[in-house]
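The values are calculated or read from the model by the stated rules, or taken from the named source; none is laboratory data. All of these numbers come straight from a predicted model, not from anything done at the bench. Note that each Cβ is placed from the backbone with ideal geometry, even for glycine, and that neighbours are counted across all protein chains shown.
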Amino acid sequence: MILAKEFSRSAVARRSDFSTNIHERGVFVMRERRPSPDSTVADTEGGAPSSSLKSNERLVRGALIAQFAASDPVHFADAAELIWPHVDGIDLNCGCPQTWAYQEHIGSFLLRKPEIVKDMIRTARGRVGGSYPISIKIRVDQDLKRTEQLIQIAIHAGVSHIAVHGRTRQQPSTAPVSLPSIAFSVEAAKGQVPIVANGDAWSMPEIEIIRKTTGVQGVMSARGLLANPGLFAGHEKTPLEAVKTFVHLATDYGLQYGLLHRHLMFMLESRLSKSERYLVNQLPSLASVVDYFESRGLSLYPDPPNVR
Ligand SMILES: Cc1cc2nc3c(=O)[nH]c(=O)nc-3n(C[C@H](O)[C@H](O)[C@H](O)COP(=O)(O)O)c2cc1C
């Protein structure tokens, strides 16, 4: 989530909040499980494009969506206009439940302010054009009529899809996600735009249950993907190759140690006991983390190239 107001008025904020490069989205082989024309279930596999694709495979490019927090149509539209050539879509955060965000009238504050959402979407749409993807991400409301109203107003303002987190603004991330509320949101959208379900998608079987129970067109995972970036490719836990690739890229691009450590801990948590996690959390540098895992027989560095 990027603050639209700061992003649109400060080059320093833009430099610190957003960077990208041509490799970021990657190219994937998407493999349909059932090679029928109406099949919607697919496996994806990262990696280099294959020159010999099978009949049930096609290449897809990953999409990058920039999400802004805003409460003012001009700030949102200015930020959208600056960033749109560098991303594949723009999202408006209508779900952040943090107190500071609510007090700033952004995030979940907007859940009960559909007219402001409408103005923001319309103004941004006017700047980036009719077919450019603009979405919103919302939480469900205790009063589902409010959710229905927000969804319908956003659709008429021109959103291209809506992500629905199946918890209310008041619920912590430990509370169960309401699949009936997400199914209600699908009904409320009346097939006019795709609805993406969010919340507690930790494994492929869970994703299948969410999809089948709610009728959504997509499923989004946050913590599940932090813990296992290979989730949508069908891996039950983070493949070691993915950890190595991450360490390689993070060191190559100079990712700050605090962030690198945090992501490593997400990915390796299931391989560590509580006391080991405590120990790794005290380690002061990447070198010490790598040494620690080496001592446990787990190499975090990519295998060196063969040297003759
Ligand atoms: C570290 C972290 C950062 C997040 N940042 C954002 C954000 O910038 N924008 C947003 O809409 N949601 C954000 N979320 C919330 C998630 O998108 C998601 O709604 C929530 O975690 C529930 O989904 P999950 O059960 O798959 O984690 C964040 C969650 C986590 C754990």
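Table for the structure above
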item	result
Residues of segment 48-87 classified as modelled with pLDDT under 95 and of a type in the set (Asp, Glu), total	1
Odd one out for ALA250 among (1) out of contact with any Asp or Glu (no Cβ under 9 Å at 6 or more places or on another chain); (2) touching a residue at least 40 places away in the same chain (Cβ under 8 Å); (3) not hydroxyl-bearing (Ser, Thr, Tyr)	(2)
When residues of segment 154-179 are limited to those that are of a type in the set (Val, Ile, Thr) and away from the ligand (no atom under 14 Å from the Cβ), the one surrounded by the most Cβ atoms within 10 Å (Cβ to Cβ)	VAL159
Among (1) farther than 26 Å from ALA66 by Cβ; (2) in contact with a Gly (Cβ under 8 Å, 6 or more places away or on another chain); (3) not basic (Lys, Arg) - the single one ILE182 does not satisfy	(1)
